[in-house]
Amino acid sequence: MGEPVFLSVVVPMFNEEEVIEATYGRLKQALDPIGEKYELVFVNDGSRDRTANIVRELGKADPSVKMVDFSRNFGHQIAVTAGMDYSSGRVVVLIDADLQDPPELIPEMIAKWREGYDVVYGQRIARRGESFFKKMTAAAFYRLLRSMTSVNIPVDTGDFRLMDRKVCDALGRMREQSRFIRGMVSWAGFRQTSVEYVRDERFAGETKYPLRKMVRLSLDAITSFSTKPLKFAGVLGFLMSAAGFVYLLVVLYERLFTHHTLQGWASMIVISLLFHGLTLTLLGVLGEYIGRTYEEAKRRPLYLVSDELNFAEEPDDALD
Ligand code: UDP
Ligand code: MG
């Protein structure tokens with residue numbers, strides 16, 4: 001076995017049977033010329049199609065193909081976490097399975113790492129073949145998040161990035177359930193830089209990130225990195241009480257010093273609906289935080305593995 005792994009490439013997969021062989025091919029083509037020992041850590045996130053079988057076949061012929069097979073679908077960010085836990089390279093690259101992130105960029109990232117950077121993230125200068133809606137919501141989200149957090153999360157970056165082993169280990173020690181890896185990497189610090197790229201279309205198949213999962217990821221991101229929404233409730237409540245007080249003075253004045261009849265049925269209903277709605281919304285915001293606190297308090301493992309492929313039984317340094 002001997003030589004330690006230099007580069008680990010982590011590939012999360014959820015129902016990617018249509019692309020995974022092509023991805024494997026493109027990765028090999030991009031990585032072989034580097035001339036360093038590498039491993040491809042595929043994480044099967046509970047796919048219900050042939051994804052795992054295909055990778056198992058690839059792994060028979062190629063020992064650099066490794067796989068962590070989840071017991072069910074745990075979600076993209078968790079899959080990436082597992083891949084990082086299992087990887088052993090000096091540097092670790094996270095890449096999507098659908099070839100939207102070009103593997104050809106990896107050598108460029110490694111070059112930056114050799115210059116002394118610990119994190120090299122891919123920054124999208126353009127996105128091809130994604131719907132207007134997705135681009136708009138993504139752009140708005142990154143900017144909203146930036147305005148809400150004190151952590152400096154770069155805009156328009158996904159999880160496509162290279163990390164030094166020490167960054168990977170640092171993230172490995174952060175075991176929070178709601179994970180927003182881009183944010184966690186920013187939080188961790190270290191020397192970071194970017195390389196620019198054009199995000200391609202998905203090679204085949206369709207997105208595994210429906211709106212539901214996108215909303216969840218956004219909420220995870222915001223709640224993990226900001227408590228501003230909670231404070232917002234306080235500020236809003238204060239402003240509303242102040243407005244109510246001013247209106248009280250107006251009403252008193254009208255009653256005592258004018259002959260206006262006080263009418264109020266319609267305005268009362270409107271105000272009541274409006275403000276009850278607002279209260280419930282803010283309760284919902286509170287719920288997002290409390291729910292996550294509860295999840296965290298259970299201290300469950302982040303994921304369960306049903307099978308492993310091609311990982312050595314012993315850690316590298318156990319037998320010499
Ligand atoms: N993915 C995953 N688990 C999920 C959803 C997605 O491991 O529950 C993987 C998916 O296989 C892909 C990556 O996460 O490798 C990004 O997903 P996708 O390309 O569908 O997202 P999009 O690029 O459309 O945002
Ligand atoms: Mg994609």
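Of the Cα atoms belonging to region 49-187, the radius of gyration and Dmax stand at 16.1, 49 Å. Contact order for region 3-102, expressed relative to its length and based on alpha carbon pairs under 8 Å spaced 6+ residues apart, stands at 45 percent. Relative to the longest principal axis of the Cα atoms of the chain, the long axis of helix 211-225 makes an angle of roughly 80 degrees. With contacts taken as Cα pairs under 8 Å and at least 6 residues apart, the chain reaches a relative contact order of 22 percent. Fewest neighbouring Cβ atoms within 10 Å first, the residues T137, T23 line up as T137, T23.
Taking every alpha-carbon pair within the chain, the share separated by more than 37 Å comes to 28 percent.
With 26 Å as the limit, the listed pairs K134/K231; K28/K208; K208/K298; K135/K213; K112/K208; K28/K112 have K134/K231; K208/K298; K112/K208 beyond it between alpha carbons. Full extension of the segment from L304 to F133, taken as 0.36 nm per residue of separation minus the current Cα-Cα distance, would add 58.1 nm.
Computed from Cα positions, the angle between helix 76-86 and the longest principal axis of the chain comes to roughly 40 degrees.
Rounded to the nearest 20, the size of the Cβ-charge dipole of the chain about its Cα centre is 1640 debye, with Lys and Arg at +1 and Asp and Glu at -1. Ellipsoid semi-axes for region 141-243, based on the Cα gyration tensor and the rule √(5λ), read 29, 19, 14 Å when sorted largest first. Cβ-to-Cβ counts within 10 Å put W113, W187, W265 in ascending order as W265, W187, W113, the fewest first. A Förster distance of 41 Å, applied to the separation of the beta-carbon atoms of E115 and Y209, puts the FRET efficiency at 0.80. For the peptides 188-196, 64-72, 12-20, residues were scored by their other Cβ atoms within 10 Å and the scores averaged per peptide; the highest-first order is 12-20, 64-72, 188-196. The packing ranking, built from the mean of other Cβ atoms within 10 Å per residue, places the peptides 76-83, 276-283 in the order 76-83, 276-283, highest first. In terms of packing, defined here as the mean over residues of other Cβ atoms within 10 angstrom, the peptides 297-306, 39-48 line up highest first as 39-48, 297-306.
For the chain, the longest principal axis of the alpha carbon atoms and the long axis of helix 132-148 meet at an angle near 70°. Ordered by the number of other Cβ atoms lying within 10 Å of each residue's own Cβ, fewest first, S226, S241 fall into the sequence S241, S226. The distance from the alpha carbon centre of region 26-56 to that of region 271-316 is 29 Å, rounded to a whole number.
Read the figures in this text as sums done on the coordinates, not as results from a lab. Just so it is clear, the model here is predicted, and its values are computed rather than measured. Cβ sites come from the backbone with ideal geometry, for glycine too, and all protein chains shown count toward neighbours.
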